[in-house]
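Quick notes on the structure that follows.
The values are calculated or read from the model by the stated rules, or taken from the named source; none is laboratory data. For clarity, every value in this text was computed on a predicted model and none was experimentally measured. No Cβ is skipped: glycine too gets one built from the backbone with ideal geometry, and neighbour counts run over all protein chains shown.
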């Protein structure tokens, strides 16, 4: 067990930031769903590429699912930051995503 722990470095947690427009996105979501979405976003700090994440084609952005909602975000590994850029219903979140 000592051999494993000797070479391991604890990875720093990522800081999460929200694009200003995300506040507007979150206002239209029911409170019970909003709670789950915020918890899901919070977990990104420890694992920015959780099981089920998907890289969006042609962009440097990722998405995770939370029920019928999608969370679109970008990762800056060198700065250990995550920017949440869009949260919305699965049917239209990709259309309005910059």
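Tabulated data for the structure shown
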quantity	calculated
Breaking point among (1) at pLDDT 95 or above; (2) assigned to a helix (DSSP H, G or I); (3) in contact with a helix residue (DSSP H, G or I) (Cβ under 8 Å, 6 or more places away or on another chain), for residue 36	(3)
Number of positions in the stretch 80-98 that are in contact (Cβ under 8 Å) with a residue 12 or more places away in the chain and not in a strand (DSSP E or B)	6
Selection within the stretch 42-55 - in contact with a strand residue (DSSP E or B) (Cβ under 8 Å, 6 or more places away or on another chain), part of a loop (DSSP other than H, G, I, E, B) and closer than 18 Å to residue 81 by Cβ	44, 45, 48, 49, 50, 53
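Condition check ((1) touching a helix residue (DSSP H, G or I) at 6+ places or on another chain (Cβ under 9 Å); (2) modelled with pLDDT of 95 or more; (3) crowded, with 17+ Cβ neighbours inside 10 Å) across all residues:
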{"site": "20", "(1), (2), (3)": "no, no, no"}
{"site": "25", "(1), (2), (3)": "no, no, yes"}
{"site": "29", "(1), (2), (3)": "yes, no, yes"}
{"site": "59", "(1), (2), (3)": "no, no, no"}
{"site": "64", "(1), (2), (3)": "yes, yes, yes"}
{"site": "70", "(1), (2), (3)": "no, yes, yes"}
{"site": "93", "(1), (2), (3)": "yes, no, yes"}
